[in-house]
Amino acid sequence: MHEVQTVGPQALLGLQTKVQEVLDQAKKQGASACEVSVSLSQGLSTSVRQGEVETVEFNRDQGFGITLYDGRRKGSASTSSTDAQAIKETVAAALAIARHASEDEYSGLADASLMATQFPELDLWHPWNISPEQAIEQAQLCEQAALAFDARISNSEGASLNSHSSCAVYGNSHGLIAGQAGTQHSLSCVVIAQQQGQMQRDYWYDYARDAAQLMSPQRIGQQAAQRTVARLGARPVTTCKAPVMFSANVAAGLFGHFLQAISGGSLYRKSSFLLDALGQSLFPQWLSLYERPQLIGGLSSCAFDGDGLATYDKDFIEKGQLVNYMLSTYSGRKLGMPSTANAGGARNLFVTHGELDQTQIIKKMGRGLLVTELMGQGINMVTGDYSRGASGFWVENGEIQFPVEEVTIAGNLRDMFKSIVDVGCDLERRSSVCTGSVLLEQMMIAGRD
């Protein structure tokens with residue numbers, strides 16, 4: 001048995017020492033301020049196809065990102081080496097860049113008084129002591145379950161297992177040096193079904209910090225096969241306007257577009273359709289959207305953001321109204337607003353949901369399109385115009401009638417947010433955005449004439 005050397009909480013102290021060395025070297029070379037991010041990760045990845053091993057990979061990566069300030073001038077450099085000479089040279093390179101950069105009145109560290117001081121245990125570290133042989137066996141069991149599910153499953157694109165551990169430390173010249181360790185494990189399967197000359201492909205996967213919380217390999221394989229077989233006989237529908245429901249696994253992306261639109265970078269560049277929307281009602285009054293960045297065991301939990309600020313619970317949407325933008329220190333300064341401790345993005349976002357599951361919402365919808373997969377990137381973040389290829393299932397009389405493909409759904413994100421009728425209790429928990437299926441009152445569905 002071959003075991004991967006553990007990266008974890010015990011490695012944080014050594015990384016913190018290295019961060020302090022960088023900070024000391026930056027001060028020695030004359031930088032007015034410095035911030036350092038360092039990450040160390042390692043993991044095992046394996047994939048099988050038709051029962052045969054395709055890949056077994058071990059990886060171990062380390063990197064330092066160093067940002068120095070010479071007054072209001074900023075320079076950045078990176079290195080994967082931790083020896084004293086490499087650190088000295090990387091600091092010198094970053095400082096040289098800073099001294100040749102233009103002044104930016106908004107650059108610089110966040111105020112020292114805003115730095116995180118409390119670092120609670122968030123239960124993110126759950127290493128999986130799995131050998132390559134065991135990982136291969138898990139992937140094979142997953143694929144076997146998929147292939148055995150239905151005679152129409154004719155081929156496989158394989159099953160993959162990934163188990164990774166990482167630790168990260170952030171430090172700056174205000175005296176903050178903090179880090180955390182975490183684990184991520186996943187198992188996935190992709191298969192192909194064939195019937196009457198038509199072929200369809202689909203997949204399923206699970207993702208968790210604790211491998212004990214993953215679905216069984218057999219269940220993942222069966223789910224992948226079930227989804228694939230259900231797509232056989234897919235066809236386009238006639239162009240129409242009708243209700244559209246996003247299944248939970250694709251609905252998370254809908255709220256991802258919202259987050260992009262309220263992010264500071266999009267706002268100060270004036271490349272967002274939600275520019276100057278603070279205080280406006282964007283969603284139905286019953287819907288709220290909130291962040292819980294220090295959730296115990298959360299997939300994206302962290303006690304501090306990318307600027308070293310303490311993260312905190314907040315609403316972005318409260319009773320339908322936009323009450324906060326998503327700002328880092330820099331973007332906040334550009335907009336004349338305080339940071340919301342969101343450098344690096346939102347962490348553990350939750351959407352208000354009702355009591356109906358997907359099947360019950362389908363009955364409520366009556367007639368329309370259930371979207372289970374989206375293709376393409378037809379989104380204009382400046383105007384909010386939305387147009388994407390979609391596949392899924394057509395619904396009549398509250399029941400799924402047949403699978404659908406080769407259609408395009410179109411609308412405007414502002415209108416789409418406003419027209420949300422219901423959010424299901426079938427929550428997607430494998431994403432940093434936790435939402436159920438989302439029913440929209442109406443969208444344009446372009447199919448065949």
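Any read-out appearing in this document is the output of simple, stated calculations on the displayed coordinates, not a laboratory observation. Small disclaimer: the values here were computed from a predicted structure and weren't measured. As a convention, Cβ positions derive from the backbone with ideal geometry for all residues, glycine included, and neighbour counts pool all protein chains shown.
Below is a table of values for the structure above.
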item: log₁₀ of I(q)/I(0) at q = 0.05, 0.06, 0.07 Å⁻¹ - the chain, Debye sum with one point per alpha carbon; result: -0.22, -0.31, -0.43
item: 5 angstrom amide H check on GLY384, placed H, neighbours 5+ away; result: PHE273
item: Cleavage-rule hits (GluC sites (Glu not before Pro)) in the stretch 272-375: DSSP loop, at most 13 neighbouring Cβ within 10 angstrom; result: GLU355
item: At most 10 other Cβ within 10 Å, DSSP loop - trypsin sites (Lys or Arg not before Pro), the stretch 201-306; result: LYS270
item: Average Cα contact separation per residue, the stretch 9-228, under 8 Å, 6 or more apart, as relative contact order %; result: 23 percent
item: Nearest-ten-degree value, helix 132-147 long axis tilted from longest Cα axis of the chain; result: 20 degrees
item: Note, ³J(HN,Hα) from phi for the stretch 53-60, Karplus 6.51, -1.76, 1.60, rounded to Hz, x at Gly and Pro; result: 6, 9, 9, 9, 10, 10, 9, 9
item: Estimated dipole of the stretch 9-228 in Debye, rounded to 20 [Cβ of Lys and Arg +1, of Asp and Glu -1, Cα centre]; result: 320 debye
item: Largest to smallest principal axis extent of the C-alpha atoms in the stretch 1-139, angstrom; result: 59, 33, 28
item: Candidates ALA224, ALA84, ALA146, ranked by Gaussian network fluctuation over the chain, Cα under 10 Å, top entry; result: ALA84
item: Tilt relative to the chain, helix 84-100 - C-alpha long axis, 0 to 90 degrees, to 10; result: 90 degrees
item: Spin-label model distance (nm) - ASN380 vs LYS364, 7 Å beyond Cα toward Cβ; result: 3.2 nm
item: Average Cα contact separation per residue, the chain, under 8 Å, 6 or more apart, as relative contact order %; result: 15 percent
item: Length gained when the stretch GLN85-ARG152 is fully extended (0.36 nm per residue, less Cα-Cα span); result: 18.0 nm
item: Kirkwood hydrodynamic radius of the stretch 234-449, Cα pairs, Å; result: 17.8 Å
item: Computed FRET value (nearest 0.05) for ASN412 with GLU57, which takes r as the C-beta separation and R₀ as 30 Å; result: 0.10
item: Loop GluC sites (Glu not before Pro), the stretch 12-112 (other Cβ atoms within 10 Å of the site Cβ: 16 or fewer; DSSP); result: GLU103, GLU105
item: Under 25 Å between alpha carbons - lysine pairs in the chain that sit 8 or more apart or on different chains; result: 23
